[in-house]
Amino acid sequence: MMRLRHATPVSNLQSIMARGLRPDLAVGKIKGCWLHSPAKTPWALLHTQQRKGAALDGLVVLEVTVPRSWLTRYQTGLWYCTRAIPPARITGMAPGTDWAVSPVMDN
């Protein structure tokens with residue numbers, strides 16, 4: 001099993017929690033549910049913001065656990081799944097703002 005993440009607009013959350021992550025709704029060349037490693041979460045949030053035109057506080061990061069055999073590696077830290085990922089495989093979630101980091105640190 002692999003524990004990965006999926007960044008999505010909050011507006012998709014109700015549907016995802018009811019029906020899961022569905023590759024048939026994907027927009028793009030590859031019809032798959034895109035998943036990323038924890039290290040790629042900041043990149044995934046920025047990418048989702050740019051593609052969906054959403055503010056950081058309008059995004060949520062879902063954690064999913066799926067068998068490795070369901071996944072195709074796209075590049076380091078990035079996978080896609082061409083089968084539906086049921087809601088029961090969603091093991092956690094956090095708002096996109098949880099990954100916001102200030103460029104200025106207080107001393």
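The values are calculated or read from the model by the stated rules, or taken from the named source; none is laboratory data. Everything quoted here is computed from the prediction, not taken from an experiment. So basically every Cβ, Gly included, is an ideal-geometry build from the backbone, and we count neighbours across all protein chains shown. Areas reflect the complete protein model, heavy atoms only, side chains present, ligands, DNA and RNA absent. Shrake-Rupley method; radii C 1.70, N 1.55, O 1.52, S 1.80 Å.
Hey, what's the range 2-69 come to in accessible area per residue, 1.4 Å probe, Å²?
Result: 55 Å² of accessible area for each residue.
Answer rounded, prolate or oblate for the range 13-73, using the Cα gyration tensor with square roots of eigenvalues a ≥ b ≥ c: rounded when a/c is under 1.5, else prolate when a/b is larger than b/c, else oblate.
Judged from the Cα gyration tensor, the range 13-73 comes out rounded (a/c under 1.5).
Summing -39500 (n - 2.57) over the DSSP H runs of n ≥ 4 in the chain and dividing by its residue number, what mean residue ellipticity at 222 nm do you reach, to the nearest 500 deg cm²/dmol?
It lands at -5000 deg cm²/dmol.
Please report the carbon-and-sulfur percent of the accessible area for the range 28-106; probe 1.4 Å, protein heavy atoms only, DNA, RNA and ligands left out.
The nonpolar share, carbon plus sulfur, comes to 55 percent.
Mean-square fluctuation check for the chain, GNM, Cα pairs under 10 Å: which of Ile30, Ile90, Ile16 is largest?
Per the Cα network of the chain with a 10 Å cutoff, Ile30 tops the list.
With +1 on the Cβ of every Lys and Arg and -1 on the Cβ of every Asp and Glu, and nothing else charged, how large is the dipole of the range 11-107 about its Cα centre, in debye rounded to the nearest 20?
620
Under 5 Å between amide hydrogens, which residues at least 5 positions from Met93 or on another chain qualify, with H placed 1.01 Å from N in the peptide plane?
Those qualifying (amide H under 5 Å, at least 5 residues apart or on another chain) are Glu63.
Apply the Karplus curve 6.51 cos²θ - 1.76 cosθ + 1.60, θ = phi - 60°, to the phi angles in the range 57-74 and return the couplings in whole Hz, x for Gly and Pro.
For the range 57-74, the Karplus curve yields 6, x, 10, 9, 10, 9, 9, 10, 10, 9, x, 4, 5, 7, 9, 10, 6, 9 Hz.
For Cα pairs less than 8 Å apart in space and 6+ apart in sequence, what is the mean separation divided by the residue count of the chain, i.e. the relative contact order in percent?
Once normalised by length, the contact order is 37 percent.
Take Ala84 and Ser15, extend 7 Å from each Cα along the Cα→Cβ direction, and tell me the distance between the two endpoints in nm.
1.3
Net charge near Thr82: determine it from the other residues with C-beta under 10 Å of the C-beta of Thr82, scoring Lys and Arg +1 and Asp and Glu -1.
My count for the surroundings of Thr82 gives +1.
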